[in-house]
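The structure appears below as structure tokens.
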Amino acid sequence: MMASKVQVSAKLEEKSPGLPYVAFVLGWLVPGLGHVLTRHWIRAVLLFVSITTMFTLGIMMQGKLYQANTGDVLEMLGFAGDLGCGLLYILGRIMDLGHGAVQLATADYGTKFIVVAGLLNIISAVDAHNLRIGRKPTC
Amino acid sequence: MLMLSHFSAVLLFATFASVVFGITQRTNPKAMVRYGLYCWVMFVGIVIAASWIMWLIRR
């Protein structure tokens with residue numbers, strides 16, 4: 001049992017080149033960029049298109065971009081989700097988008113689209129990290 | 001401003017979320033496609049089932 005654990009960690013170390021978290025950070029900043037680093041081009045394009053389109057649709061539906069330190073726990077959770085979008089969130093804030101229209105049902109859908117795009121981006125960044133360090137086999 | 005119906009929003013949400021789930025939760029491309037389709041059917045199917053349940057409760 002012990003020997004197999006040592007073998008697994010040795011295998012992981014063999015496959016992990018240089019900075020192990022670079023794929024995670026790049027994947028978080030730009031959706032799919034972590035997969036570009038691991039040379040999974042089609043996956044990278046699909047992830048970029050899916051997450052960016054979801055974020056853009058959320059903004060177009062008048063969804064809200066949450067801000068930090070509003071004092072409300074639910075708003076802080078929303079901010080954590082939005083932050084998962086990486087540069088898309090930062091660009092949205094710089095361009096002063098995502099004020100949210102509370103009287104529209106579609107605006108509420110938009111807010112959820114933005115939060116889920118952020119959470120999906122975190123999942124894809126973790127996947128890129130796992131591919132990078134060899135925890136997930138490449139096909 | 002984009003005004004989507006509830007159902008078209010569900011279809012778009014299911015499509016994009018299923019693509020990400022398929023890619024990240026499976027290792028080989030064939031399994032990714034199958035899992036992505038499974039997630040899509042589950043998203044949309046559960047929404048349709050929930051809609052009918054709510055319609056029956058309302059009656």
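Read-outs: derived from the displayed coordinates by stated rules, not from any lab. From a predicted model like this one, the values you see are computed outputs, not experimental measurements. No Cβ is skipped: glycine too gets one built from the backbone with ideal geometry, and neighbour counts run over all protein chains shown.
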Q. Say we join alpha carbon atoms closer than 10 Å with springs in a Gaussian network model of chain A; which of A:ILE114, A:ILE122, A:ILE94 then has the biggest fluctuation?
A. A:ILE94
Q: Return the single residue from A:THR111, A:THR70, A:THR38 with maximal mean-square fluctuation; model: Gaussian network over chain A, springs between Cα atoms under 10 Å.
A: A:THR70
**Q.** Under 5 Å, built H, 5+ apart or other chain: amide partners of A:LYS64
**A.** A:THR111
Q: Evaluate E = 1/(1 + (r/R0)^6) for B:GLN25 and B:ARG59, where r is the Cβ-Cβ distance and R0 equals 41 Å; express this FRET efficiency to the nearest 0.05.
A: 0.60
Q. What does the helix-only formula give at 222 nm for chain B: each DSSP H stretch with n ≥ 4 adding -39500 (n - 2.57), the total divided by the residues, and the result rounded to the nearest 500 deg cm²/dmol?
A. -30000 deg cm²/dmol
Q: Tell me, rounded to the nearest percent, the portion of alpha carbon pairs in chain A spaced more than 27 Å apart.
A: 31 percent
Q. Rounded if a/c is under 1.5, else prolate if a/b beats b/c, else oblate: with a ≥ b ≥ c from the C-alpha gyration tensor eigenvalues square-rooted, which is the stretch B:8-58?
A. prolate
Q. Fewest to most neighbouring Cβ within 10 Å: what's the order for A:ASP127, A:ASP96, A:ASP108, A:ASP72?
A. A:ASP96, A:ASP72, A:ASP108, A:ASP127
